[in-house]
Amino acid sequence: MKKSDSIQDLSGQWKIQHFEALEKRTMDIAAAALDDRFWIGAEVPGDVHSALVARSIIDPPYYGHNDAKSRWIEQKEWWYRTNFNLVKAEEDQEHFELVFEGLDTFATVYVNGHEVGKTANMLMSHTFNVTSLVRHGWNAIAVRFDPLSLHNRDKETFDWSSYTKERPWLRKAAMNFGWDWGPRMVTVGIWGAVRLERHKIAKLDSVFARTKSVSQEQAVIDVTANVKSVMSFRSRQQLKQAVVTTCDVRLLDAGGGEVTQAAALAVQGGQADTTLVVPSPRLWWTHDLGEPYLYTLEVVLYADGIEVDRYRESYGIRTIELALHNEQGEDAFAFILNGIKMYAKGANWIPADHLIGAIPDSRYRELIELTVEGNMNMLRVWAGGIYEKDVFYDECDRQGVLVWQDFAFANALFPDFNQDFMENVRCEVENNVIRLRNRASLALWCGNNEIDWLYDMKSASGDITSPFYGELIYHELIPEALERLDPSRPYWPSSPFGDKDGNDANDPDVGDRHNWQVWHGSVYPRKHGEPPLLDYSIEGVTFKNYKKDDALFSSEFGMHASANRYTLEKNMPEGQFYWGSPEMAYRNKDTNHQKGILLMEGYTGIPQTIEEYMNYSMLTQAEGLRYGIEHFRRINHRNSGALVWQLNDSWPGTSWSMIDFELLPKASFYYGKTFFHPVLLSLEHEPGDPLALWVVNDKLEGLQGHLRINVYQLNGEKVYSDTLQVEVEAQSSSKVGVLSEAAVLQSRRAEEVMIELVAEGFAAPLNRYFLRDPKDIVLPLSQLSVHVNEEEQSVTVTASGAIARLVKLELPLGRVRFSDNYFDLLPGERRTVYLRHPEMRSLPLNELRVSAMNGREI
């Protein structure tokens, strides 16, 4: 954050207009005095789609098939214009820079009718020296955006580029061109903030702070300030002696008090270095291990004793390492935070909306709040989106969530043989590394998504015959840049990555792993160079395959579930909200819809109605993720992380997300509050096998007490109960007992009971299981009584007659927070759910709908 008096914010209302490519004389449209009164108003940051929707020029693109109706936007030349007033000092020593935090994508920038530069990269910020162009008083800015085709039509195509062959040359969010969870929506516009910066003599070009070591007694922080002279040659000639530049570096606590400082540091060779020693430091932790404490780092730049620039940002004191071997020297993949090996629990993050520029900050805050509420401590920013906005990292820093950051290279070959392309990539990499390297939340840089792995598979199958274009980016350019700019945190070339004994890069015995046996039917194990195999059968796609996976770190895995009712109904034309409708099919962008049917067929049975589809898919995803994650956590002596594909949605579709586009969590999210909880009670069981009872403890201290197992008939009658002693060391798992099916069933059939695990003497959420799949269980009718408390904004649900399966509360409103949802109730059991809206909006509780798979409100 720069000095506020040196920045003029140019975001806000601009004007936009479109033309046919090369239709008009550019300098006429760029002219400062152009009459743009009849142009269209547009918000910056934003994008053309959002501006046109706001003015009712196009229909909302997420409704029905409207995205197809807006495809014309990507074929036009678009112009943005604004003007501003500038109070300019009489002296000529001021230096002015025009900064765009995001331009999408091929832009030419004009100030007062003069071209100042071109851009060819959506994924970085751009800065232009406009000192000689801005004037005292009224000024005009114009930005021309070319259609992508002008820059791509003569480029060669490669054997492989998932979803479209046009994108490898374009440094633009890959998901704009469509993915298997979202539509093609090629955006254009000014998607980041715009500002005019003014400086005198010198400026802070960047500040790099990194924690070298921590202990209870002290933390050691190295700080480097890079300083750039902004004096013109004439100004330097007029001065009779050199200007002396110095820096003060201070660390402030959360209350603003000074903790330590280094004063009057000499700037030599454009750089000032110091080491800060912080006594009795308060460390930054993930929210589950401690407090994500943030200091404030302040650097003040002086020229001949006069302040000329200031940097001030939050800073968390912590160390982060990636351990690739354990204490016994065996292969591992574990994050070490402040010397503590942690279990990474979380999900993969995709852009929070296809219209990236128009995403409000509140959407980021709410999604990170839900991440924390869901007991997750890590998000992986996936390579097919963007390097996220500052607000994303602000919230992760503040709320204690680690970030695995992919570089923006996903599922394609890239032209690393082209000098211009590689220079563009180098600028992108350096720009984002410098921007993000001080973040406490940033845990890992990763070179790409799935490219190393898929290149081998596609080569083996004959889909690729070319060399590994792009390899130089992930294995040379990026690591060399990080060595210079951010040697303070680990780098991983690709995800998944690592091979051993001739296995492919998705080897469970080394590195991280993506499990796409489940859902996609990939057949494993697979050797390097073997043609890949797919098994589209119930056995091939079932989530029961997770138990065969002993990965060291599970960085991608998951399965589809329906969006919530409100999200679907809001975005579908009347009469289309039924199972099997064309609109429902359009919501699913996966390559083969049969996979979801097979998964449900083997677990819940095939749905026949939209209600069954929502319930069956939600239950399958929730139980499937629980099945996999509980397995991974039980083997936490080996597996050190589970990141679900995916946390969120970028449009209102059917996908792998745990939270749908309207920020309504699915059943899997509520299940995740338990399966991601720091203390997990877990039942390991397969039909006919004994029941193994586990306690998993991610806390930094051991726990002891008892685990109670209760067995209930479906009518609620308790048929068995027992307690087992629990003593589990810190950050470990323990099998605390094994019981036979016969012992717990007490002559009942396995299809007729539910198991409940309850902690006694230590804190852990209860966990409930059925011993057979839903398709094999005939649930008796359950009756639900509902009491609404308007004053408390709460709902109390009570079941009677039989166990109520998957009790679901629904309101016709997005962004509603339910303290619990999608839960099971025993007869006579009541549960109170508290509801709220992030904006404290009054909720329409009179429209509340409460149901269960086997029951309705009475």
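Determine the distance separating the Cα centre of segment 786-806 from the Cα centre of segment 366-391; give it in Å without decimals.
32 Å
State whether segment 1-87 is rounded, prolate or oblate according to the following rule on the C-alpha gyration tensor (a ≥ b ≥ c being the square roots of its eigenvalues): a/c under 1.5 gives rounded; otherwise a/b larger than b/c gives prolate, and the remaining case gives oblate. If you can, show how the numbers build up before the last one.
Working: a/c = 2.57, a/b = 1.41, b/c = 1.83.
Oblate shape, in that a/c is at least 1.5 and b/c is the bigger or equal ratio.
Among MET376, MET231, MET840, rank each residue by its count of other Cβ atoms within 10 Å, from fewest to most, as a rough exposure measure.
Numbers: MET376 28, MET231 18, MET840 8.
So the ranking, lowest neighbour count to highest, is MET840, MET231, MET376.
Report the extension gain between PHE128 and SER581 in nm, rounded to one decimal, defined as 0.36 nm multiplied by the number of residues separating them, less their alpha carbon distance.
Numbers: separation 453, 0.36 × 453 = 163.08 nm, distance 5.12 nm.
Gain on stretching PHE128 to SER581: 158.0 nm.
Can you sort ILE709, ILE306, ILE16 so the residue with the fewest Cβ neighbours within 10 Å comes first?
On the way: ILE709 20, ILE306 10, ILE16 26.
Taking fewest neighbouring Cβ atoms as first place, the list is ILE306, ILE709, ILE16.
State the answer as a single residue: which of VAL220, GLN271, VAL249 lies farthest towards the positive end of the charge dipole of segment 201-315, with beta carbon charges of +1 for Lys and Arg and -1 for Asp and Glu, about the Cα centre.
Checked the options; the winner is GLN271.
Extension gain ALA263-VAL778, at 0.36 nm per residue separation less the Cα-Cα distance, in nm? Intermediate results must be reported in sequence, preceding the final value.
Values: separation 515, 0.36 × 515 = 185.40 nm, distance 7.46 nm.
Separation in residues times 0.36 nm, less the Cα-Cα distance, equals 177.9 nm.
Taking other Cβ within 10 Å of each residue's Cβ, how do CYS396, CYS427, CYS446 sort, fewest first?
On the way: CYS396 28, CYS427 16, CYS446 25.
The order, fewest Cβ neighbours first, is CYS427, CYS446, CYS396.
Counting only the backbone N, which residues of segment 801-823 are under 14 Å from the spot 7 Å out from the Cα of SER794 toward its beta-carbon?
Correct set: 819-820.
What FRET efficiency do you get for GLU727 and ARG831 if R0 is 30 Å and r is their Cβ-Cβ distance, rounded to the nearest 0.05? Spell out each step's value before the answer.
Working: r = 31 Å, r/R0 = 1.02.
Efficiency computed from Cβ-Cβ geometry: 0.45.
Rounded to the nearest 500 deg cm²/dmol, what is the calculated helix-only ellipticity per residue at 222 nm for the chain, with -39500 (n - 2.57) per DSSP H run of length n ≥ 4? If you can, show how the numbers build up before the last one.
Values: 17 runs with 150 residues, N = 858.
The helix contribution divided over the chain gives -5000 deg cm²/dmol.
If each residue of separation counts as 0.36 nm, what is the full-extension length gain between GLU369 and ASN326 once their alpha-carbon separation is subtracted?
So the extension gain works out to 12.2 nm.
So what is the diffusion coefficient of segment 441-520 in µm² per second by Stokes-Einstein at 20 °C and 1.002 mPa s, using a Kirkwood Rh over Cα pairs? Could the numbers behind the result be given before it?
Working: Rh = 13.8 Å.
Translational diffusion coefficient: 155 µm²/s.
Principal axis extents for the chain, Cα atoms only, whole Å, descending order, please.
Its Cα atoms span 99, 64, 64 Å along the three principal axes.
What distance in nm separates the simple spin-label points at ASP222 and THR591, each placed 7 Å from Cα in the Cβ direction?
4.5 nm
Name the residues of segment 756-792 whose amide N is less than 19 Å from a point 7 angstrom out from the Cα of LEU848 along the C-beta direction?
What the label zone holds, given the 19 Å backbone N cut-off, is 783-792.
Relative to the first principal axis of the alpha-carbon coordinates of the chain, what is the inclination of helix 419-436, with its axis defined by its Cα atoms, in degrees from 0 to 90 and to the nearest 10?
Tilt of helix 419-436: around 70 degrees.
Sort 484-495, 761-772 for me by packing, meaning the mean count of neighbouring Cβ atoms within 10 Å per residue, highest on top.
Details: 484-495: 19.0, 761-772: 16.8.
Highest-to-lowest ranking by the protection proxy: 484-495, 761-772.
Report Rg(Cα)/(2.2 N^0.38 Å) for segment 4-197, keeping two decimals.
Numbers: Rg = 17.6 Å, N = 194, 2.2 N^0.38 = 16.3 Å.
Normalised Cα radius of gyration, segment 4-197: 1.08.
Just name one of VAL797, GLY855, GLY575: the one whose Cα is farthest towards the positive end of the charge dipole of the chain (beta-carbon charges, Lys/Arg +1, Asp/Glu -1).
GLY575
Nearest 20 debye, what's the magnitude of the dipole of the chain about its Cα centre given +1 on Lys and Arg Cβ and -1 on Asp and Glu Cβ?
Working: 88 positive and 121 negative charges, 258 e Å.
With only Lys, Arg, Asp and Glu charged at Cβ, the dipole is about 1240 debye.
Using R₀ = 45 Å, calculate the FRET efficiency as 1/(1 + (r/R₀)^6) where r is the Cβ-Cβ separation of LYS699 and HIS787; round to 0.05. Let's see the in-between values first.
On the way: r = 36 Å, r/R0 = 0.80.
Using R0 = 45 Å, I get an efficiency of 0.80.
Any idea what log10 I(q)/I(0) is at q = 0.15, 0.19 Å⁻¹ for segment 232-344, Debye with uniform C-alpha scatterers and no solvent?
Summing over Cα pairs of segment 232-344 leads to -0.80, -1.01.
Can you find, among GLN608, PHE632, THR620, the residue sitting farthest towards the positive end of the charge dipole of segment 569-632, where Lys and Arg contribute +1 and Asp and Glu -1 at Cβ?
Positive-end residue among those listed: PHE632.
Roughly what % of DSSP beta bridges within the chain run antiparallel, to the nearest 5? Don't skip to the answer; put the middle values down first.
Working: 164 of 194 bridges.
Looking only at bridges with both residues in the chain, the antiparallel portion is about 85 percent.
Report, in whole Å, the centroid distance computed from the Cα atoms of segment 811-840 and segment 700-721.
Between the Cα centre of segment 811-840 and that of segment 700-721, the gap is 24 Å.
For an R0 of 56 angstrom, estimate the FRET efficiency from the Cβ-Cβ distance between SER819 and LYS24 and round to the nearest 0.05.
Details: r = 57 Å, r/R0 = 1.02.
Rounded to the nearest 0.05, the efficiency is 0.50.
When the dipole is taken about the Cα centre of segment 4-197, and only Lys, Arg (+1) and Asp, Glu (-1) are charged at their Cβ, what size is it in debye, to the nearest 20?
620 debye
Any chance you could count the Lys pairs in segment 445-555 whose alpha carbons are under 20 Å apart, treating pairs 8 or more apart or on different chains as valid? Present the calculation step by step, with values, prior to reporting the outcome.
Values: LYS458/LYS500; LYS458/LYS527; LYS500/LYS527; LYS500/LYS548; LYS527/LYS548.
The result is 5.
Dipole magnitude of segment 681-776 about its Cα centre, charges +1 at Lys/Arg Cβ and -1 at Asp/Glu Cβ only, in debye to the nearest 20?
On the way: 9 positive and 16 negative charges, 42 e Å.
For this selection, approximately 200 debye.
Bear in mind that the values in this text are calculations on the coordinates, not laboratory data. Being a predicted model, the structure only gives us computed values, none of them experimental. Cβ sites come from the backbone with ideal geometry, for glycine too, and all protein chains shown count toward neighbours.
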